[in-house]
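Structure, as structure tokens:
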Amino acid sequence: MKLSGGLYVLRETGRSLWRNAWMSVASISTVAISLLVLASFLVISINLNHVTAVLQSEVEVRVFMKSGTSRAAEMQLMDTARHWPDVRRVTFFTKRQAARALQSEFPAQQGLFALVQHSNPLFDGYDVFATTPQKIPQLAARFRAQAIVHNVIYQGQVVHRLVRLSKIMQWTGWIIESLLSVATLFIIMNTIRLAVFARRREIHVMKLVGATDWFIRWPFVLEGLVLGLIGAALSLTVVANGYRWIVNEASVAVPFWPMAPFQQVVSQTALFIMVGGVLIGALASAVAVHRFLRV
Amino acid sequence: MKLSGGLYVLRETGRSLWRNAWMSVASISTVAISLLVLASFLVISINLNHVTAVLQSEVEVRVFMKSGTSRAAEMQLMDTARHWPDVRRVTFFTKRQAARALQSEFPAQQGLFALVQHSNPLFDGYDVFATTPQKIPQLAARFRAQAIVHNVIYQGQVVHRLVRLSKIMQWTGWIIESLLSVATLFIIMNTIRLAVFARRREIHVMKLVGATDWFIRWPFVLEGLVLGLIGAALSLTVVANGYRWIVNEASVAVPFWPMAPFQQVVSQTALFIMVGGVLIGALASAVAVHRFLRV
Amino acid sequence: MKQTIRFEGVSKQYANGHQGLVEVNLEIRRGEFVFLVGPSGAGKSTLVRLLYGEERLNAGEIYVDQFRLRVLTHRQMPRLRRQLGIVFQDGKLLPSRTVYQNVAFAMEVVGASSRDIKKRVPHVLELVGLSRRRDNFPHQLSGGEQQRVGIARALVNRPSYIVADEPTGNLDPETGQDIMKLFVEINRIGATIIMATHAKDLVDRFQKRVVAIEAGRIVRDQLRGAYGYEA
Amino acid sequence: MKQTIRFEGVSKQYANGHQGLVEVNLEIRRGEFVFLVGPSGAGKSTLVRLLYGEERLNAGEIYVDQFRLRVLTHRQMPRLRRQLGIVFQDGKLLPSRTVYQNVAFAMEVVGASSRDIKKRVPHVLELVGLSRRRDNFPHQLSGGEQQRVGIARALVNRPSYIVADEPTGNLDPETGQDIMKLFVEINRIGATIIMATHAKDLVDRFQKRVVAIEAGRIVRDQLRGAYGYEA
Ligand SMILES: Nc1ncnc2c1ncn2[C@@H]1O[C@H](COP(=O)(O)OP(=O)(O)OP(=O)(O)O)[C@@H](O)[C@H]1O
Ligand SMILES: Nc1ncnc2c1ncn2[C@@H]1O[C@H](COP(=O)(O)OP(=O)(O)OP(=O)(O)O)[C@@H](O)[C@H]1O
Ligand SMILES: [Mg+2]
Ligand SMILES: [Mg+2]
């Protein structure tokens, strides 16, 4: 296509968007709204993943040392364990710390309190955090095999549930996201098809005066692309500002809730939505025009 | 409108759907898809509410009796408390049961075990479940005021968080649902507007040969209604079958997860989606036609 | 009720500033047959479109029976249009309906009974020579056949006025004459007929009242006239 | 390359079974001027539509220069159509473009430079008498003006064939004659012209080759003929 051809396409696209302004607005708003829904759930889905990741990282394995083990031996094991593949973090606690923790969990148990104060029946130990909850059973076994370890406990049931739950949540997220993507695709396709349908006679006449298929198609494709682009940009603006607001509000209202960082969320969403919007718009136009070119 | 008028409208509607079959399919599928998205999130939102309700009902207040209180006095208070307004359930435990529970929570603590076996420092008491977590602080205070009560504990932080979280989840659910409703409304409106736009010349001609506004409008309104109805029925079929499948799968895969019952979910969703689809379809048509009646 | 059409100082300026009609005065009485002639772009269709309210006038007043077009409300418009049988210059057939349905539609609009419709439509199609095309769609018709569907639609409700804008442009001379004879017959039994046309031979032959328009003004109004002055 | 149009035993049956053309044989040589006449529904437009490939033929073969229409691929179609300047019976203007843009579009389609377009379009609009309407949209034009836009569009690329289907149906006799003279002039400088028409006066006056069609068959083919036998 020559330069003049390119200019023609650009000019035609602009004119056409303007001429069919009313239709352009209807199409763009539909594209924007469906992409907005898609983007919102992408944000939610990223956050779900983020939360499950954070939750998972909170599950701990408690390793208790045999009483009488020297502090040096305890420290040495800890230093070694730190470098085991599935270990994310190890924190040491003394039996006094363990006692205090127990007390604060049962503040009312005066008898227990006295007992623990008097002769502490608890042990020194580590809190070990695994990289992923799946690794916890192995990790527990590995600690149990150490000579100085008295006992290893972890909430097997909880871990099990958590792993399953987070998998379900991730899967649900992806499934919803995929279904939404398909839905968005359909809606945008249909919208552009209806818009092109309203102009079928125009296409027919173009063919009859000798226009080639691509000569007719290019402006439509570019128009679809622009519709997609504007729609995507609009929806992104809303989502980005909305998410910024939510992150700010959440940091005050539910400070303990881990929100996925703004930058990461918006950049991932932007990439997906912009590329998606533009591609769908252009493709949908091309497909829609196709029907009416057979003259 | 006379009977013949009604027949005319019905016949016209049928013919028009058939004549513009291609456009009808595009419109119906768009309506169906957007209602499908809406319905899916309604189902999710109903389930969120269900889960938070269940979670909330699991929060308990532990009431410990003064040691030496007679079993009869303990029982009497329990019977009274059962009828307090915010109490959902009260279960009694002896100090032996409390000790066993403690043991099972810290299975590794041999010293603790021995101690508790030997001279139980714990108390008899109740587990009290409130109707809503918000009532827990009041409830705790009321128990605390009783003469025979030694101490009342509840996980204040947890309750606080849970109340907040469940509120946030519910609100998020409703906000998403409302936004989705608006989005669906827009998409359906736009779709029907585009479909009507493609037939603007037809409307124009009808006016010129002397048709009244309502004569033109009725078939369009009925057509929009039928589009909405078919779209809603399609989306409901998918959602109902999908949810049945999910409920069945979930009962195996994650039996501990409380799913909202199929009947309730589907009937609520059906009501919302059918009424919404039909109303939106009819209204959107009426509005879309309006633009082209000013001749 | 006066059965007349009266233009009093009617001017029409289009949105782009073009002056479609300038100070037109014209009275057409019940039962008249009027040819509207003039060069392309003179304003014949403008006059016709004002009459049935597709365009609104800027100055003056048009009276059609009891209707005053300047003050006609949106709700009254259908009632006016049902007095008029209009043949549009560009046909304006409904593309998704068959010949039969296009004509029947005009009767459904006025609430005719389906018995009447079933009797009247075939009769009118017969009159314009389209009986064999009744189940075709407009795009399956020749130009002249489409034009005749438009004529049939205008006649079907037996309106008191027939307003035909270039109804024979796509017809061969013989068919054109048949249509003319049909109009003359309908005129004879009472309808008022206004026909914008370029068909010099028809105008010259039938010797009716001729109103000539040029550049939006009436330049001639002649009973038993011909297409041009020379005739 | 032979500059001819040749119909060899061409038949066309429409999807609904109607026989549009029956066994038509016709040869039109370079530089000829042919009137296509016949009653409404005879098959004139069918013949024209087969020529530019809007309808496909069922039997026989049509040759246009080097093109054989029966075997013409979808890709070759635009190249055929660019050889032909077509005036459609129903105008087929693009409603969302101005007069100027409608005509310019036909040049853009063939990849003309914008300098050529800027020079040629106003010239052609001048020829058909529409210079003052160049920025109007089709719906802002009178019937005759729309028809002339269609004519301008057909002429603008100086095609070797002009195929005009009823180009003067909405024109007053005088403007119609001006258009005829334009065609004659274009024919004189080399273009082949095929014009389907009902304009008896034009056919009779200009004394060109007349091909008469009736019910899909060629019933007369006469050099220097008249509209009817009687003439
Ligand atoms: N909507 C419009 N906006 C602007 N100008 C218009 C509009 N409609 C018509 N015109 C102009 O008004 C003039 C009269 O148009 P009209 O259609 O009445 O002519 P006419 O006498 O019917 O011509 P014809 O015989 O060609 O149909 C023309 O010059 C036309 O360009
Ligand atoms: N798409 C179609 N399907 C079925 N029949 C058709 C179709 N197009 C045209 N016809 C029929 O074929 C016959 C010839 O039509 P055509 O348009 O060629 O006539 P014409 O000679 O151009 O007439 P006119 O002078 O009225 O324009 C007509 O009777 C018409 O009804
Ligand atoms: Mg006119
Ligand atoms: Mg024809």
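Figures for the structure shown
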read-out: In nm, spacing of pseudo-spin labels at B:Arg88 and B:Lys66 (7 Å Cα→C-beta vector); value: 3.2
read-out: Residue-wise HN-Hα coupling along the stretch C:74-81, computed from phi with Karplus coefficients 6.51, -1.76, 1.60 (Hz; x: Gly, Pro); value: 4, 5, 7, 3, x, 5, 4, 5
read-out: Amide H within-cut-off set for A:Arg89, under 5 Å, with H built and near neighbours excluded; value: A:Phe129
read-out: 3J(HN,Hα) from dihedral phi, the stretch C:139-146, Karplus parametrisation 6.51/-1.76/1.60, rounded to Hz, x for glycine, proline; value: 5, 9, 10, 6, x, x, 5, 4
read-out: Radius, Kirkwood style, for the protein assembly as shown when every pair of distinct Cα atoms is counted (Å); value: 35.5
read-out: Choice from A:Gly173, A:Gly224, A:Gly14 with maximal GNM fluctuation in chain A (Cα, 10 Å cutoff); value: A:Gly14
read-out: Positive dipole terminus of chain A, leading residue within A:Tyr126, A:Pro85, A:Ala282 (C-beta point charges); value: A:Ala282
read-out: Distant-in-sequence amide H partners of D:Ala164 (H built 1.01 Å from N, under 5 Å); value: D:Val87, D:Ile194, D:Met195, D:Ala196
read-out: Euclidean distance of C-alpha centroids, the stretch D:106-146 and the stretch A:180-210, integer Å; value: 28
read-out: Residue with peak Gaussian network fluctuation, chain A [Cα springs, cutoff 10 Å], from A:Val196, A:Val51, A:Val182; value: A:Val182
read-out: Translational D in µm²/s for the stretch D:1-56 (Stokes-Einstein at 25 °C, 0.890 mPa s, Kirkwood Rh from C-alpha pairs); value: 200
read-out: Global form of the stretch A:1-53, assessed from the alpha-carbon gyration tensor, a/c cut-off 1.5; value: oblate
read-out: Given A:Lys207/D:Lys118; C:Lys118/D:Lys44; D:Lys44/D:Lys208; C:Lys118/C:Lys208; C:Lys118/C:Lys200; A:Lys207/D:Lys12, the pairs whose alpha carbons are separated by over 25 Å; value: C:Lys118/D:Lys44; C:Lys118/C:Lys208; C:Lys118/C:Lys200
read-out: Cα-based equivalent ellipsoid, the stretch C:4-222: semi-axes from gyration tensor eigenvalues, Å; value: 28, 20, 16
read-out: Per-residue ³J(HN,Hα) for the stretch B:272-282, Karplus 6.51 cos²θ - 1.76 cosθ + 1.60, θ = phi - 60°, Hz, x for Gly and Pro; value: 4, 6, 5, 4, x, x, 5, 5, 4, x, 5
read-out: Between the stretch D:1-56 and the stretch C:1-59, the alpha-carbon center distance in angstrom; value: 41
read-out: For chain B: relative contact order, % (alpha-carbon pairs under 8 angstrom, 6 or more apart); value: 31
read-out: In nm, spacing of pseudo-spin labels at B:Ala73 and A:Arg201 (7 Å Cα→C-beta vector); value: 9.5
read-out: Computed over the stretch C:48-161: relative contact order in percent, which uses C-alpha pairs under 8 Å that are six or more apart; value: 33
read-out: Sequence of C:His198, A:His290, A:His150, A:His83 once ranked by neighbouring C-beta atoms within 10 Å, starting from the fewest; value: A:His83, A:His290, A:His150, C:His198
read-out: Around C:Ile186: net Lys/Arg minus Asp/Glu count, Cβ-Cβ under 15 Å; value: +4
read-out: Positive-end extreme of charge dipole, the stretch C:4-222 - chosen from C:Val34, C:Val22, C:Val128 (charges on Cβ); value: C:Val128
read-out: Contact order normalised by residue count of chain C, Cα under 8 Å, 6+ apart, percent; value: 27
read-out: Value of [θ]222 nm, deg cm²/dmol, for chain B, DSSP H segments ≥ 4, -39500 (n - 2.57) each, nearest 500; value: -25500 deg cm²/dmol
read-out: Between helix D:114-127 and chain D: long-axis angle, C-alpha atoms, 0 to 90°, nearest 10; value: 70
read-out: Highest-MSF residue in chain A out of A:Leu271, A:Leu208, A:Leu35 [GNM, Cα springs under 10 Å]; value: A:Leu208
read-out: Residue mean of other protein chain beta carbons inside 10 Å, A:255-268; value: 1
read-out: Residue order, fewest to most surrounding Cβ atoms within 10 angstrom, among A:Ser16, B:Ser285, B:Ser178; value: B:Ser178, A:Ser16, B:Ser285
read-out: Cut-off under 5 Å, modelled amide H: who pairs with A:Val149 long-range; value: A:Lys66
read-out: Distance between modelled label sites at C:Glu185 and D:Arg68, nm, 7 Å Cα→Cβ extension; value: 5.1
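Read-outs throughout are calculated quantities, based only on the coordinates presented, and are distinct from any laboratory measurement. Quantities reported herein were computed from a predicted structural model and do not represent experimental measurements. All Cβ positions, even for glycine, are placed from backbone atoms using ideal geometry, and neighbour counts span all protein chains on display.
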